[in-house]
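The values are calculated or read from the model by the stated rules, or taken from the named source; none is laboratory data. For clarity, every value in this text was computed on a predicted model and none was experimentally measured. Positions of Cβ are generated from backbone atoms using ideal geometry, with glycine treated the same way; all protein chains shown enter the neighbour counts.
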Amino acid sequence: MSSDPKTLLTEEEYLAVERRAGFRSAFHRGEMFAMAGANRRHNRIVTNLVTALDNQLRERPCNVYSNDMRVKIPDTGLFTYPDLVVTCGEETFADNEQDTLLNPLVIFEVLSDSTEAYDRGKKFEHYQSIGSLATYVLVAQDSRRVEQYVRQEDGRAWIYTEAHGADAVVEIEAITCDLRLEDVYAKV
């Protein structure tokens, strides 16, 4: 049994290490957690989502970020990397580096066997505390299925919908975009 206490990092120490690292790590309560790489299907879906959304948002004051835009959840202290983040209007960052976003409007996670339970559970609990977050979208890899949670006006309730099949369309009201599942799963 080791008597050495675990050394916990501050947020500033984490960001300094993370910005120099050759890989991405999440951070919570003083600890860093290395993130696994993604497979071809996962990467293809993310690329398709970025393309579909960016094309629809091109003329609006919105941005689409994939994989490397870190998000900090101020209420819980979690730093994480969603698969895709959409912002509209003025963006708020943790510091002048502008690599840690505080006010996402829509977050997408592409589900995998190793992350699905976390994405649906604890991670979504963290995300729900982000005041700016209007929509949380889960995208399956193993079937054509997209699930959407939309925050209601009371700020506490979330309404769940799902779309599946090649002809289905997901309407993302917060950003006035439509996602055709045929496009989301192209070349997958």
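Picking from residues in segment 103-117 that are surrounded by fewer than 17 Cβ atoms within 10 Å (Cβ to Cβ) and without any contact (Cβ under 8 Å) to a residue 40 or more places away in the chain, the one that is farthest from LEU15 (Cα to Cα) is ASP113.
Identify, please: which residue in segment 136-186 is free of Cβ contacts under 8 Å to residues at least 60 places away in the same chain and assigned to a helix (DSSP H, G or I) and is, among those, nearest to ILE107 (Cα to Cα)? Per the criteria, the residue is GLU173.
May I ask you to verify whether SER66 is of a type outside the set (Asp, Glu) and surrounded by fewer than 18 Cβ atoms within 10 Å (Cβ to Cβ)? Give the derivation first.
Values: of a type outside the set (Asp, Glu): yes; surrounded by fewer than 18 Cβ atoms within 10 Å (Cβ to Cβ): no.
For SER66, the condition - of a type outside the set (Asp, Glu) and surrounded by fewer than 18 Cβ atoms within 10 Å (Cβ to Cβ) - is not met.
Within segment 57-79, the only residue that satisfies the criterion of being hydroxyl-bearing (Ser, Thr, Tyr) and either over 20 Å from ASN43 (Cβ atoms) or in a loop (DSSP other than H, G, I, E, B) (or both) is THR76.
Looking only at residues of segment 37-53 that are in a loop (DSSP other than H, G, I, E, B) and under 15 Å from PRO82 (Cα atoms), we find that the one that is modelled with the lowest pLDDT is GLY37. Listed by first and then second residue, the pairs with beta-carbon distance under 9 Å, at least 6 apart or on different chains, first residue in segment 20-48 and on the phi > 0 side of the Ramachandran plot, second modelled with pLDDT under 90 and of a type in the set (Ser, Thr, Tyr), are GLY30/THR7; GLY30/THR10; GLY30/TYR14. Residue count for segment 15-48, restricted to those that are closer than 17 Å to LEU111 by Cβ and touching a helix residue (DSSP H, G or I) at 6+ places or on another chain (Cβ under 6 Å): 1.
Out of the residues in segment 80-120 meeting the condition of being assigned to a loop (DSSP other than H, G, I, E, B) and small (Gly, Ala, Ser), tell me which one is farthest from THR176 (Cα to Cα).
First pass over segment 80-120, keeping only residues assigned to a loop (DSSP other than H, G, I, E, B): 81-83, 89-92, 94-99, 102-105, 111-115.
Okay, now just the ones that are also small (Gly, Ala, Ser), so 89, 94, 112, 114.
Working: GLY89: 14, ALA94: 27, SER112: 27, SER114: 31 Å.
The extreme case among them is SER114.
With the requirement that a residue be of a type in the set (Val, Ile, Thr) and either farther than 17 Å from VAL146 by Cα or more than 11 Å from the chain's Cα centre (by Cα) (or both), what does segment 69-120 give you? Listed by number, the residues that qualify are VAL71, ILE73, THR76, THR80, THR87, THR92, THR100, THR115.
Being surrounded by fewer than 19 Cβ atoms within 10 Å (Cβ to Cβ) and touching a His at 6+ places or on another chain (Cβ under 7 Å) holds for only one residue in ARG156, ARG144, and it is ARG144.
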